[in-house]
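The values are calculated or read from the model by the stated rules, or taken from the named source; none is laboratory data. Everything quoted here is computed from the prediction, not taken from an experiment. Backbone-built Cβ (ideal geometry, glycine too); neighbour counts: all protein chains shown.
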Amino acid sequence: MKSIATALVLGSSALKIGEAGEFDYSGSQAIKALQQEGIRTILINPNVATIQTSEGLADEIYFIPVKPEFVETVIERERPDGILLGFGGQTALNCGLELARRGVLKKYGVEVLGAPIATIEDTEDRERFVARLDEIQVDTPRSEPTTSVEQALEAAEAIGYPCMARVAYALGGLGSGICRDKEALEELATRAFAHTDQLLIEEYLEGWKELEYEIVRDRYDNCITVCNMENINPMGIHTGESMVVAPSQTLSDDEYHQLRELALKVVRHLGVVGECNIQYALSPKGNAYRVIEVNARLSRSSALASKATGYPLAFVAAKLALGKSLTEIDNSVTKATCACFEPALDYIVVKAPRWDLKKFQGVSEQIGSAMKSVGEVMSIGRTFEEALQKALRMLEIGAKGAVCNDGITFDDLQSELANPTDRNIFAVAQALEQGMSVEQVCEITRIDRWFVDKLARLVELVQQLKRQGSKTVAKPLMLEAKQAGFSDAQIALATGKSEADVFARRQKLGVTPWAKQIDTLAAEYPAATNYLYLTYHGQEHDVGFEQGAVTILGPGAYRIGSSVEFDWCCVNTAKTLRTLNYRTIMVNHNPETVSTDYDECDRLYFEELSFETVREIYALEKPLGLILSMGGQIPNNLAVRCADAGMRVLGTSPKDVDRAENRNTFSSLLETLNVPQPPWRELTSFQQAYDFAQEVGFPVLVRPSYVLSGAAMAVAVDETQLADFLDKAAEISPDYPVVISKFVDNAKEIDVDAVSQDGEIVAWAVSEHVENAGVHSGDATLVLPPQRTYLETMRRIRQVTAHVARSLSINGPFNIQFLAKNNQVMVIECNVRASRSFPFVSKVLKKNFIDIATRVIMGRPFSSPERSFLDLDYVGVKAPQFSFTRLEGADPTLGVEMASTGEVACLGIDFDEAFLKALISVGFRFPLKSVLLSTGPIESKAAFLNGAKRLRRLGIELYATGGTAEFLARNDIESTVLSWPLDEKPNSAIDVIKKRQVDLVINIPKHYQKEELANDYLIRRAAVDFDVPLLTNLQLAQRLTEALERIPMDQLKVRRWSSYE
Amino acid sequence: MTVKQVKLVLEDQTEFLGQSFGADRPAAGEVVFNTGMVGYPETLTDPSYRGQLLALTYPLVGNYGVPGPERDEHGIPLHFESGQIQISGLLVCEYSQHYSHFDALQSLGQWLADAGIPAVTGIDTRALTRRLREKGTMLGKIVSADDEVPFFDPRTRDMVSLVSPKEISELGAPRKEAPTVVLLDCGCKGSIARSIVKRGIHVVRVPYDHYFLDLDYDGLLISNGPGDPQMCAATIRHVEHALAVGKPILGICLGHQILALAGGAETYKLKFGHRSQNQPCVAYEENGNGKPALSKRCVITSQNHGYAVRADRMGNDWRPWFQNANDGTIEGIRHRSKPFWGVQFHPEAKPGPTDTAWIFDEFTRAVKEGRR
């Protein structure tokens, strides 16, 4: 192996479903490992909200698309000796494979560090994979491609019934299904072959257990398994959708080691160097197994395994990629032992997925073989019950645990059990509560009995608590309940007491949690580890407590609207605190984060962000205070309660945080400041809602407090839409009021991110949205510095921001969202905390706003930005990343509910250049040869006229649906007319998308309303399903055509972040 | 169900409270901990644990129940390492009353109760482990308000005599067709015997103090077993003779210590022993000048021992073979020129990783070659 002086690391770009924050964690660890070896590191990743793209890690960072053309330019310039492909998910892996295929790596003599290309190809190509495993007699699921009904029946005969029939290249798996006998298959196949050319007949591993092993191998052929994990849900539910435990709970030594031995055999045969995982199906009735897949790279589960065991997989994998042996690497937890060992856990870990399906229109809530979850949590306990209930609370979906959930109800439990949805685990608990037997539940769900028995125990404990409820709960039961993971609120609900009563009773009985360490070796060796969790099983703490640390609360599970950006904020807060010589305590429970990396703080509690847990940690640690303003809304919401309970909250006073959070107090504050806001009112009946909407005029924004189905917010353009929404989607009553506010049409939206010290602004940045108001700010394309905002507007914004900061005495980070129209500005909302765009503005301005905010909060010296954001010689553009492809059926439009799962930001010499690079980073492909236009109502058709002309001038062929084509023709613009999908005529819009005859679809919805006409929906959905880039926003489409006309593709600059000055 | 409160009392008077399961009676012994996460049926039946109260650091125990007593065609139990539970008592954090496994015959609690072995759940096993790690292995007893016992020190007894068979027996391939290995059974785990038998060997299993040198044999296997190897004076003497004979010898765990003692080494008691399935052992290789040096090759091993070999006085004929990557203790030795091997770990696994099963291949190959 040649010596490596410079290494190139590919990141995973924007967060998306299936590829999320875990790759910031693994990439950051890899860079740390390279740094430690004195290697110059170049990173390519346009994900601006990540830690890995922060100052102080990689030597050079490129905020450019992770695409072969761009990466090649970097290779040409930087001349790296090696490239790491395993730390940036599928994005980096695919890009690396393509670079190898194009001969780029060979041309520049770049060595692939870690698993070689051939190994990656063996694991990525299904046929090669099966063939390679056949060579060593390792079983894989049997699968047969067929092209006719007869062939399908033949294949099924050989594979055996029941079998799985999978329609190849179908829209989201439509038409696939389980066939229990010949008749069923014949019927399905006949139907399927009417639409498809290929049907896969696969072995159906019904009720088999699903397991995963994380493997590490070095180039000396040392091979270890770091962790194994067991899915609670059986085969058939994607592992990203399943609840998972680590280590496995229902395997015997024979089974555990049979699979371990196989894993080592497979990994050695494939020649992986570094880290990989192997996924198994295991029969619950014997030792039959199938290898489902091998990922020769770091993955979501490797991040989970790292956090579950304390073994830094990515760090070690990077060292191994450089040719080190496992025996040469220290165990960074114990600091006394080496990395060549297999962690012994003395606790159990539960991972639970976090879904946000309600944010989408048209998505099924059923979970299955496709991943839909957007984040996950991990909990640690000494028993399954303890960890499970913690995990379910950590999800922050309103669940109090596995039981005692008054808000979660089911219409048809039986069907819920048989067809699992995102609420599956609660259905199991409720079925048991309602008297269904453990056997029945197992029979229907195919969940292993061990897990169901544990849930049954929780149900039984609730009964016991209820029986004792009238009296005070005795110590043995109190302890048992706490050991089974019951929160004070759950016990309160079961016993008819208040949470405060339960807490007081518990204090009196002396039932409090113990702090235990994660040390990788089950206490066998002394470990200097600072990685902690709380449990009620114990009789002593593992660690002592020293007062005076600063406690930071993290953001919890990634979800739509709260993601890696808050991890960035928390990690940077900790960094600054350490620079200022404060000891830091981090509380967070998201395994995909850097903030839960135990070397980022002095003490890490991998724990709930609930009031109860925070109070327990506070009581143990007696910190200097809490920082709640960096982790997004979850910690921010705790401010008042923590302050009321006597905890010290650092930064802006909780009283003032609350004044901004509460709609009424904030509104009156704005009134006293003479700051306009869109008129709004809280209403409790339909009639009041209509009357108010009439009064302020349509369109109006409707925000119900109780949602029946679909998204929580909507824009109604007329009375009918308002009625529809309130009828179908929301409840409105004195208990569940609805907030109606005037929706301002054609307004610009502007974000201010700022830091203020005792009410005086010390740093601020203004970003304008490309899209007009009506698109959620998280889905908007942000531009910094603003390019099209009037000076007068900017002046007003500055004034209002200063007023608000002063009146709330803000001491720390905050964000205000403005509407601007005709030099009038209105305030939409104010968050007295760090916002989603803090990393973006910090990195574009090259001034870390979190560092300033932290210093302000601690009352320490800081330096304000030397120059104004208006003086920048370049432009930063932040673009959203959507994951609609993963969300079968979801309508891919933009609206008032946030739908994006991630973001990128690129820098450029001007808006157009940065904008195009940002679009390419989130999946747009240029140059365009042909575009499908369907530009909606007449106003937007007219507004896009110039855009269409520009496209034609660029020689781009236009396809258009009826009305749009006619409009274009009237304006002398040539286009090919396509029929509407529902007309079922030849040459439909869907056909050209399916055949990929168009490179871009521009479909502008007719209204703000999400429920769009079926035709338009079908066009949008087809674009997503067939991977044709889609634009649904008029302003975005306009700006794109302008940019395309001004900047040829070959003039997009590939420049280091450091070169933008 | 009434839960009986019991406690574990250590010789330093530390107490750990818990609830009784298994047999309702007190017990005393040496308290040790094992950090393996699976394999309690195998562990509990390992004769090396005789005289010990075993704490499992993995908190959930009993999840997959206990399989039946079926034996293979050689009469070796399929799922256990011997015909009975060997530990004197079991200490866990959370006993899982409900179990789930296709192979399970009964619950762990029932199995222990039937065998008269007491067990305690609800113990802070992590606190206990930390105590043992800091103060070293201690004596302890499981007692309740109405049931006391005195401490019992297994070091005062020849524990091997309790677990070694009284009679000679034969198993495996017929003598005429296969090479013969004498298995010096000091409390042999069934899987060790099976590992040899399934490689086509005829095995003569003899009591640990049996003078086997007048038997017609092609190789010698010295098994694992409980307690202090220096208690096995007769066995060590016999092995010294076997070294002179020169036929292949493999010592495992206690057998490795006996082999080392016979070869002139010393043994000593570890502070708290190695009892786990994740012990990394780095192999030695010969460097340029023919001296042993640590290589970059490391195996993960299953271990259960309280004593270790000090190899520095072994003389020139012996070489270190493996070293523990965590604490630097000797994990294996081999002879410079003769087919003698000793490993402190368990190549037969059960429970634990199977990485070193090749050691049986190497041994049986030497046995077969020697016979030819």
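Could you tell me whether any residue of the range B:320-339 is touching a Gly at 6+ places or on another chain (Cβ under 6 Å), aromatic (Phe, Trp, Tyr) and touching a residue at least 24 places away in the same chain (Cβ under 8 Å)?
Looking through the range B:320-339, at least one residue is touching a Gly at 6+ places or on another chain (Cβ under 6 Å), aromatic (Phe, Trp, Tyr) and touching a residue at least 24 places away in the same chain (Cβ under 8 Å).
Filter the range B:60-115 down to residues that are buried (at least 19 other Cβ atoms within 10 Å of the Cβ), among the charged types (D, E, K, R) and over 23 Å from the mean Cα position of the chain (by Cα) and give me whichever is nearest to the other protein chains (Cβ to nearest Cβ).
B:Glu94
Out of everything in the range A:282-308 that is out of contact with any helix residue (DSSP H, G or I) (no Cβ under 9 Å at 6 or more places or on another chain) and either small (Gly, Ala, Ser) or crowded, with 24+ Cβ neighbours inside 10 Å (or both), what residue ends up being nearest to A:Val267 (Cα to Cα)?
Only one residue tops the list, namely A:Ala288.
Residues are listed down the side, and each one gets a yes or a no for (1) hydrophobic (A, V, I, L, M, F, W, C); (2) touching a Pro at 6+ places or on another chain (Cβ under 6 Å); (3) more than 26 Å from A:Ile627 (Cα to Cα):
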| site | (1), (2), (3) |
| --- | --- |
| A:Thr789 | no, no, yes |
| A:Leu808 | yes, no, no |
| A:Lys821 | no, no, yes |
| A:Val844 | yes, no, no |
| A:Phe849 | yes, no, no |
| A:Gly859 | no, no, no |
| A:Ser864 | no, no, no |
| A:Arg867 | no, no, yes |
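Please go through the range B:149-193 and pick out each residue that is surrounded by 14 or more Cβ atoms within 10 Å (Cβ to Cβ), within 22 Å of the chain's Cα centre (by Cα) and in a loop (DSSP other than H, G, I, E, B).
B:Phe152, B:Arg157, B:Asp158, B:Ser164, B:Pro165, B:Ile168, B:Cys186, B:Gly187, B:Cys188, B:Lys189
Looking only at helices (runs of 4 or more DSSP H) that lie completely in the range A:401-459, which have at least 3 residues being without any contact (Cβ under 8 Å) to a residue 12 or more places away in the chain and within 14 Å of chain B (Cβ to nearest Cβ)?
Here the list reads A:438-445.
Would you call A:Lys372 surrounded by 23 or more Cβ atoms within 10 Å (Cβ to Cβ), modelled with pLDDT under 95 and not in a strand (DSSP E or B)? Reasoning before the result, please.
On the way: surrounded by 23 or more Cβ atoms within 10 Å (Cβ to Cβ): yes; modelled with pLDDT under 95: yes; not in a strand (DSSP E or B): yes.
Judged against the criteria, A:Lys372 is a match.
Looking at A:Gln1038, is it modelled with pLDDT of 90 or more and touching a helix residue (DSSP H, G or I) at 6+ places or on another chain (Cβ under 8 Å)?
So A:Gln1038 fits the description; yes.
Can you name every residue in the range A:5-38 that is buried (at least 24 other Cβ atoms within 10 Å of the Cβ) and farther than 30 Å from A:Leu887 by Cα?
Scanning the range A:5-38 gives A:Ala7, A:Leu8, A:Gln29, A:Ala30, A:Ile31, A:Ala33, A:Leu34.
Got at least one residue in the range A:350-361 being within 14 Å of chain B (Cβ to nearest Cβ) and either surrounded by 21 or more Cβ atoms within 10 Å (Cβ to Cβ) or small (Gly, Ala, Ser) (or both)?
So far as the range A:350-361 goes, yes, one or more of its residues are within 14 Å of chain B (Cβ to nearest Cβ) and either surrounded by 21 or more Cβ atoms within 10 Å (Cβ to Cβ) or small (Gly, Ala, Ser) (or both).
Name the single residue that is farthest from A:Thr665 (Cα to Cα) among those in the range A:808-819 being surrounded by fewer than 24 Cβ atoms within 10 Å (Cβ to Cβ) and either hydroxyl-bearing (Ser, Thr, Tyr) or touching a strand residue (DSSP E or B) at 6+ places or on another chain (Cβ under 7 Å) (or both).
A:Leu819
Restricting to the range B:212-249, give me the number of residues that are surrounded by fewer than 19 Cβ atoms within 10 Å (Cβ to Cβ), of a type in the set (Gly, Ala, Ser) and in a loop (DSSP other than H, G, I, E, B).
The number of residues fulfilling the criteria is 1.
Taking A:Leu211 as the residue in question, decide whether it is surrounded by fewer than 24 Cβ atoms within 10 Å (Cβ to Cβ), within 14 Å of chain B (Cβ to nearest Cβ) and modelled with pLDDT of 95 or more.
Judged against the criteria, A:Leu211 is not a match.
Run A:Lys372 past the list (1) in contact with a helix residue (DSSP H, G or I) (Cβ under 8 Å, 6 or more places away or on another chain); (2) more than 11 Å from chain B (Cβ to nearest Cβ); (3) under 15 Å from A:Ser248 (Cα atoms) and report the number of the one that doesn't hold.
(3)
Yes or no: the range B:324-335 includes at least one residue that is of a type in the set (A, V, I, L, M, F, W, C), within 14 Å of another protein chain (Cβ to nearest Cβ), surrounded by fewer than 22 Cβ atoms within 10 Å (Cβ to Cβ) and assigned to a loop (DSSP other than H, G, I, E, B).
no
Report, by residue number, each residue of the range A:598-609 that is modelled with pLDDT of 95 or more and surrounded by fewer than 20 Cβ atoms within 10 Å (Cβ to Cβ).
A:Asp602
From the list A:Ser242, A:Ser248, exactly one residue is buried (at least 23 other Cβ atoms within 10 Å of the Cβ), within 11 Å of chain B (Cβ to nearest Cβ) and of a type outside the set (Lys, Arg). Which is it?
A:Ser248
Given the criterion outside any helix (DSSP H, G or I) and within 14 Å of chain B (Cβ to nearest Cβ), identify the matching residue among A:Ile397, A:Ile380.
A:Ile380
Filter the range B:31-70 down to the residues that are charged (D, E, K, R) and in contact with a helix residue (DSSP H, G or I) (Cβ under 9 Å, 6 or more places away or on another chain), then identify the one that is nearest to B:Val203 (Cα to Cα).
Pass one, the range B:31-70, residues charged (D, E, K, R): B:42, B:46, B:50, B:70.
Still in the running and in contact with a helix residue (DSSP H, G or I) (Cβ under 9 Å, 6 or more places away or on another chain): B:42, B:50.
Working: B:Glu42: 22, B:Arg50: 24 Å.
For the range B:31-70, the residue satisfying everything is B:Glu42.
Conditions tested, residue by residue: (1) polar (S, T, N, Q); (2) touching a helix residue (DSSP H, G or I) at 6+ places or on another chain (Cβ under 8 Å).
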residue	(1), (2)
B:Leu254	no, yes
B:Gly273	no, no
B:Glu285	no, no
B:Ser295	yes, no
B:Val309	no, yes
B:Asp312	no, no
B:Pro320	no, yes
B:Asn324	yes, no
B:Gly328	no, no
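Restricting to the range B:1-43, and then to whatever is of a type in the set (Ser, Thr, Tyr) and touching a strand residue (DSSP E or B) at 6+ places or on another chain (Cβ under 9 Å), can you tell me which residue is farthest from B:Ala349 (Cα to Cα)?
B:Thr14
Mind listing just one residue for me: the one in the range B:250-298 that is among the basic types (Lys, Arg) and crowded, with 18+ Cβ neighbours inside 10 Å and, of those, nearest to the other protein chains (Cβ to nearest Cβ)?
Among residues in the range B:250-298 that are among the basic types (Lys, Arg) and crowded, with 18+ Cβ neighbours inside 10 Å, the one nearest to the other protein chains (Cβ to nearest Cβ) is B:Lys296.
Do we have A:Thr337 as polar (S, T, N, Q) and at the interface with chain B (Cβ under 7 Å from one of its Cβ atoms) here?
Values: polar (S, T, N, Q): yes; at the interface with chain B (Cβ under 7 Å from one of its Cβ atoms): yes.
It is true that A:Thr337 is polar (S, T, N, Q) and at the interface with chain B (Cβ under 7 Å from one of its Cβ atoms).
Taking the options A:Ala960, A:Ala1043, A:Ala965, name whichever one is modelled with pLDDT of 95 or more and assigned to a strand (DSSP E or B).
So the residue among A:Ala960, A:Ala1043, A:Ala965 that is modelled with pLDDT of 95 or more and assigned to a strand (DSSP E or B) is A:Ala960.
Would you mention how many residues in the range A:527-543 are in a strand (DSSP E or B) and more than 15 Å from A:Gln483 (Cα to Cα)?
2
Condition check ((1) in contact (Cβ under 8 Å) with a residue 24 or more places away in the chain; (2) out of contact with any Pro (no Cβ under 8 Å at 6 or more places or on another chain); (3) more than 14 Å from chain A (Cβ to nearest Cβ)) across all residues:
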position: B:Ile117; (1), (2), (3): yes, yes, yes
position: B:Val120; (1), (2), (3): yes, yes, no
position: B:Arg155; (1), (2), (3): yes, yes, yes
position: B:Lys189; (1), (2), (3): yes, no, no
